[in-house]
Amino acid sequence: MLHPVICIDGPAASGKSTVARLVARDLGYVYVDTGAMYRAFTFLTLEAGHDPASRSRMKELLAKLDFHADIQKGEVSLFEGTRDLAPHIRLPEVNATVSIVSALPELREHLVNLQRQLRIFAPLVMEGRDIGTVVCSDSPFKYFIDACPRVRAERRRKQGEKDNLAARDKLDSSRAAAPLLRAADAVLLDSGENDARALADRIVREVRARQNPGPSVP
């Protein structure tokens, strides 16, 4: 049995992570940050001293590493062996390189398979860049969250992270493997015009209404 998935896509600093966490908490679903998976592999690639654009090196890493996901306290945590990778995925060098590593087809295929397998264990709120278009394209619950570049840049500044958002957007949207796209049936939400709580409330209402439709009127 595959559990339902709420797909929340969008570019970097669009606010999708905050909204996804709220939706997961409200519905009692498991929160899945797929971007963290790519960040984890970016850190491991850099740690190993490999060229982040090398497909052959990525194949070596995938064959060698004991990378796995575990559901803890309502969200997915990432490990290499027994090492928790969370402390390493927001490093400046990871921010600067993640779009390069995440474009590698071998890595995307590996992680898409892992992400789909998570549906076996629990209902999910999964956020990323290709959830509605590739990972769970069969889901009836698809949302694309965006905001203007100024708003997104200010969010990054407040988070204390340095990011060239324009460069990341270009890499994410132009890569050959699963580019950043809004699914044709995804609802577009503006997180610059609406706060995260309001957007989460809307998604929760819509999901509940579609899962528990009222009685039909004769």
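The numbers here are math on the coordinates, done by the rules we state, and not lab data. On a predicted model such as this, the values are computed, not experimentally measured, just so you know. Note that each Cβ is placed from the backbone with ideal geometry, even for glycine, and that neighbours are counted across all protein chains shown.
Structure notes:
- Taking region 81-107 and a reference point 7 angstrom along Cα→Cβ of residue 162, the backbone N atoms nearer than 16 Å belong to 90-98.
- Where trypsin sites (Lys or Arg not before Pro) fall in DSSP loop in region 96-177, at most 15 other Cβ within 10 Å: 162
- Antiparallel beta bridges, as assigned by DSSP with both residues in the chain, represent about 30 percent of the total such bridges.
- Measuring r between the beta carbons of residue 210 and residue 79 and using R0 = 35 Å, the FRET efficiency lands at 0.50.
- Taking 0.36 nm per residue of sequence separation and removing the Cα-Cα distance, the residue 93/residue 198 pair yields an extension gain of 34.5 nm.
- D (Stokes-Einstein, µm²/s), Kirkwood Cα radius, region 5-208, 1.002 mPa s at 20 °C: 125
- The relative contact order of the chain comes to 34 percent, based on Cα pairs under 8 Å that sit 6 or more residues apart.
- Stretch gain in nm, segment residue 63-residue 116, where the contour uses 0.36 nm per residue and the Cα spacing is subtracted: 17.1 nm
- FRET efficiency estimate (nearest 0.05) - Cβ-Cβ, residue 151 to residue 3, R0 45 angstrom: 0.85
- Each Lys and Arg adds +1 at its Cβ and each Asp and Glu adds -1 at its Cβ; summed about the Cα centre, the chain shows a dipole of about 280 debye.
- Distance from region 46-83 to region 154-176 (C-alpha centre basis), Å: 22
- Amide H to amide H, with H built 1.01 Å from N, residue 31 comes under 5 Å of 75, 76, 125, counting only residues 5 or more places away or on other chains.
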